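The values are calculated or read from the model by the stated rules, or taken from the named source; none is laboratory data. Fair warning: this is a prediction, and the values are worked out from it, not measured in the lab. Counting neighbours? That spans all protein chains shown, and the Cβs are built from the backbone with ideal geometry, glycine included. Ligands, DNA and RNA are excluded from the accessible area calculation, which covers all protein heavy atoms including side chains. Shrake-Rupley method; radii C 1.70, N 1.55, O 1.52, S 1.80 Å.
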Amino acid sequence: MTAVIPAATVPRRAWKNTSLGRFFRNPRSVAGAGLLLLFVLLALLAPVLTPYNPNSLQFDAFMGFSAQHPLGTTALGQDIFSQFVYGARLTLLVGSAAGLIATFLSVTFGLAAAYFGGRVDEAINTLINVFLVLPGLPLIIVAAAFIRGGGVWPVILVIGLTGWAFGARVLRSQALALRERDFIAAATVAGEGPIRIIFVEMLPNMAGLIAANFFGAALYAVLSEAGLSFIGVGDVSLVTWGTMLYWAQAKGALLQGAWWWVALPGLSIALLGTSFALLNFAVDEISNPKLGGGRLKMPRRTVSAAGPAPVAGDALLAINDLNVGYVTPTGTVRAVRDVTLEVQPGELLGLAGESGCGKSTLAFAATRLLDPPGAVLGGSVRLAEHDLLALSPEELRQVRWKEFSIVFQASMSVLNPVLKIREQVYDAMQAHGVTDKAKLDARARELFDLVGIQTSYLDAYPHQLSGGMKQRVVIAIALALEPKLIVMDEPTTALDVVVQRQILQEINDVRRRLGISIIFITHDLSLLVEMSDRVAIMYAGEVVEQAPAHQLYAHPAHPYTQQLMNSFPPMTGPRTRRSGIPGKPPPLSAEIVGCPFFERCTKRMPGVCDVKPLQTFPVAEHQTAACFLYDPTVSPALKGNAIRESQINAGQSNAGQISAGQISAGQISAGEVSREPARNAKLN
Amino acid sequence: MSYLLRKLGIFVFTLWVAATLNFILPRLVPGDPVSVMLAKYQGRLDPSAVDALKIAYGLNDLGSPISQYFTYLGNLLRGDFGRSISLFPTPVIDVVLRALPYTLGLVGITTIISFVLGSGLGLYSGWRRGRAGADAVVPAALFLSSMPYFWFGLLLLYVLAFQLKWFPLSGALDPFPGDAYSAGWWSSLARHAVLPVLTILVTSVGGWLITMRNNVISVASEDYLAFARAKGLSEGRIVNRYVLRNALLPSFTAFGMSLGFVVGGSILTEIVFSYPGLGYYLYQSVTNLDYPLMQALFFFIALAVLLANLLVDLINVILDPRIREGRA
Ligand SMILES: Nc1ncnc2c1ncn2[C@@H]1O[C@H](COP(=O)(O)OP(=O)(O)O)[C@@H](O)[C@H]1O
Ligand code: SF4
Ligand SMILES: [Mg+2]
């Protein structure tokens, strides 16, 4: 609860604002909606468009095109154009009515299964499976064969009743996922009834999927009706595009050369189907973020003409003025802002900050792993002699893993579920020239020994391993080629404390032995102070303070760091619960004037902090802070009060505690086990 | 193992549902369709056949519906589907067995080709998403899969067979194709198959494409893919071992589930080309009110689709280690 930096609450955007907007910007949904509108108009305006009754047999058979009969007449002497426009009515009716029935059933069964779970779910799921594999059309044919005549409704009913299973399956799994979410659980605890939870809490969150499902069912219905009518099952005295095809075929339209009698209704069915399919596809794309996106134009990176700025000293990694953003339809989220950071050879640099402050984004951008919509907007990254952001894809591929590797935040899911662990350890080495089987095997065993897993697990699949073991496998893979730098993004947050301890200890041993540099990212500041040589604190996309770990611990300079330190549990004395820092960080999509921490800062200087462009100032040797308290040009009178306060605070938080030397540089000793419960609580 | 047992259970259960639907439907519908059928064939069937049918459909009030049902299930298990009415006195099972190889050959093989082709295109379209070519196939695929199968078949028939006379108009073989399995016989079979194959291929390939594309796009945002790229693996390896292997699993499951729909469309294709498979006879039996034949055909079509699904489940076990462990 305490030293853990609380998660920034991300404002929830209203569904309508974004999804509807995207609907009208998506070319597929616009095309689909336009096409559908056209057919609806055709159906509505039928009496205006043609003077003839589509069923009247008053004309000669097989007349050609004329002004009176733009599409000629049928073998029975009906006007084909009238049949076409009136046929649109029933065809649309079948599509929408049967689509609605099927969707209603899908939603009912899908949600009921997910909500009630247990026996009900099992029964419904079996029913779904049965209806899924029963061949639909033959079933409809057989069913409809017994219901001859009787108008359009029997057909609609039969199609609706047989076409719901696919949608129910999709909705069920979506609803199951929803059920796990907090707000549903909260509503259940609050004693809301099933009806209310299903209709008020769950349905609105599935609107997109349900809409997509409706269009899919409508497509199925239109095609099924056409097929049924074509073979004369159902009521062929009705005028639909399907029955037009039936009569055209029965009266030998093609043999008579009246090909349009066949071509037009079929093409219209295909186009109506396409409009449903486009809408289905587009709505799916819009409501499923995984499928959408990726088609945005990437802004060009603005690299300074001089190339990467020369770095003083012999830093292994030099990040310079890096700016990274996520380009979204509602604006660019600038998640990393003007970050300049160095890592020395053999150094363990800790990177801490509230979740959502841009740590992962920084790690991904610096290793060029950022996926759209993320994009590097400016700056440079140099690793050893490589200008990382300028490498060609093949050069990058060769540098990766050999020079630097990365352990992801989501280590539980970074292993390919369908390949054996062995293959996934091997392929990292094979991609960089190690091809000898004996060598690969020897190295894989060595690595597994190193991180403490039995080598027999090389032949297991990822799902057979526990979380801690997967984490070790990933770390083993990261060490495989002994890279110069390993980036570790919250590598142990998902693990229990004992395992976490062991793994951190091993990481530390290995890096000292091999002289590897590590960037260690976490939102657990206390952990970081113990482990790191140097610590950088991030806030709202910026690095606000950098200092050697012991220095940061003893004399935090930035008010944000101080407030974080304040929420450290005391090492001795009663353990009191402390809340996190009140307030929340500014939205990263906005332009921030002055200091981003202004709103929450207890030492802010109105008129300075919220007005002047912020810079980074030296505080002590090797220590910098982005805070006007350390700006020599700001009048001491303004900040006097604030500074005194801060010293008092810092003094308090360190009073009577271990010396800085004791906790520096990752010495994890038995003496500190007493702090274990505190960390345990925040890891839950 | 329990996974396969469960699938086997669903297989048996679904087959039972299909059989039961077969039994209930003619009894459920108002207007006594069976009497209509018998009336139609009055005078053309010998009285003993009429009696047999009346018993089979419970028109003689011999026994309760329950006992009729069990008699029906018993007959089914013995493979006794009665005699066709339109082709009297041929046993229904003979008609089914004659038609079955054509449907398996045409629909089965074409569907597999279509799945492989569509999935390949979908892999390309999903992996290269954002490029003009890869995105343009989407609306094309949506259009193709929205075409009524039989309508596209009709157009092909009209242009390629009727107008251009490149291919035969109907059937599966020439009237006198020569000895079975001789070269001439095979070439006759192949020429007759071209248009139906083309029809099924063109109208079904789009669906597999879209399915695979969506799966590839989902997999592309998985963490294990970012990790594979971070490892510096070659693109070929990433596509083969990471994207394809994972995207294929849901595609494959979708394949099993869509099979019923595809078979439905293929039935219409058989009708258009008078291709003597199960679908063609199903159509014949519907127009001739030949209920025993119709019901047996439905049962066998369901059986074929269910068996194919079981096969898909088996292959899934091989492809997905998680299922092997009974975790999925
Ligand atoms: N795909 C995305 N689109 C838009 N914003 C994103 C995306 N991914 C992350 N962000 C935003 O970028 C910010 C930084 O995220 P992240 O780097 O994951 O933070 P951290 O790793 O520190 O928790 C967050 O505010 C988050 O909302
Ligand atoms: S610059 Fe001002 S507002 Fe920002 S942290 Fe420093 S004192 Fe607080
Ligand atoms: Mg993160």
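Of all the numbered requirements in (1) open to solvent by 10 Å² or more (accessible area, probe 1.4 Å); (2) part of a helix (DSSP H, G or I); (3) within 8 Å of another protein chain (Cβ to nearest Cβ), A:Leu255 misses one, and that requirement is (2). From the list A:Leu111, A:Leu161, A:Leu105, A:Leu139, the lone residue that is in the same structural domain as A:Ser275 (by TED's automatic domain parsing) and open to solvent by 50 Å² or more (accessible area, probe 1.4 Å) is A:Leu161. In the condition set (1) at pLDDT below 85; (2) part of a helix (DSSP H, G or I); (3) touching a helix residue (DSSP H, G or I) at 6+ places or on another chain (Cβ under 8 Å), A:Gly232 is compliant with all but (2). Considering only the stretch A:111-145, how many residues are within 25 Å of B:Val312 (Cβ to Cβ) and within 13 Å of chain B (Cβ to nearest Cβ)? Total satisfying the criteria: 20. Residues satisfying the criterion are present in the stretch A:363-371 (criterion: within 21 Å of A:Asp533 (Cα to Cα) and away from ligand 2 (no atom under 16 Å from the Cβ)). Within the stretch B:149-177, being open to solvent by 50 Å² or more (accessible area, probe 1.4 Å) and among the small types (Gly, Ala, Ser) holds for one residue alone: B:Ser170. If you take the residues of the stretch A:475-500 that are crowded, with 23+ Cβ neighbours inside 10 Å and of a type in the set (Val, Ile, Thr), which of them is nearest to ligand 2 (Cβ to nearest atom)? Here the answer is A:Val487.
Residues that are among the small types (Gly, Ala, Ser) and under 26 Å from A:Arg534 (Cβ atoms) were ranked within the stretch A:591-641; the one that is most open to solvent (accessible area, probe 1.4 Å) is A:Ala620.
Checked against the criterion of being out of contact with any strand residue (DSSP E or B) (no Cβ under 7 Å at 6 or more places or on another chain), among the β-branched types (Val, Ile, Thr) and modelled with pLDDT under 90, the candidates A:Thr367, A:Thr328 yield just one match: A:Thr328.
Residues in the stretch A:387-428 that are at the interface with chain B (Cβ under 9 Å from one of its Cβ atoms), in a helix (DSSP H, G or I) and without any contact (Cβ under 8 Å) to a residue 60 or more places away in the chain: A:Pro393, A:Leu396, A:Arg397, A:Gln398, A:Val399, A:Ser413, A:Glu423, A:Gln424, A:Asp427, A:Ala428.
As a summary of the residue check, B:Ala99 satisfies the conditions (1) open to solvent by less than 20 Å² (accessible area, probe 1.4 Å); (2) of a type outside the set (D, E, K, R); (3) away from chain A (no Cβ under 14 Å) except for the one numbered (3).
Considered as a group, the residues in the stretch A:421-443 that are open to solvent by less than 50 Å² (accessible area, probe 1.4 Å) and of a type in the set (Gly, Ala, Ser) include one that is nearest to A:Pro462 (Cα to Cα), and that residue is A:Ala428.
May I ask you to verify whether B:Tyr281 is of a type outside the set (S, T, N, Q), in a loop (DSSP other than H, G, I, E, B), over 20 Å from B:Arg6 (Cα atoms) and more than 10 Å from chain A (Cβ to nearest Cβ)? For B:Tyr281, the condition - of a type outside the set (S, T, N, Q), in a loop (DSSP other than H, G, I, E, B), over 20 Å from B:Arg6 (Cα atoms) and more than 10 Å from chain A (Cβ to nearest Cβ) - is not met. Considered as a group, the residues in the stretch A:340-353 that are surrounded by fewer than 23 Cβ atoms within 10 Å (Cβ to Cβ) and not in a strand (DSSP E or B) include one that is nearest to ligand 3 (Cβ to nearest atom), and that residue is A:Glu347.
Within 15 Å of ligand 2 (Cβ to nearest atom) and aliphatic (A, V, I, L, M): is that true of A:Met531 in this structure? No; evaluated as a whole, the condition is false for this residue. Just one of (1) more than 16 Å from ligand 3 (Cβ to nearest atom); (2) more than 10 Å from every other protein chain (Cβ to nearest Cβ) fails for A:Ala366. It is (1).
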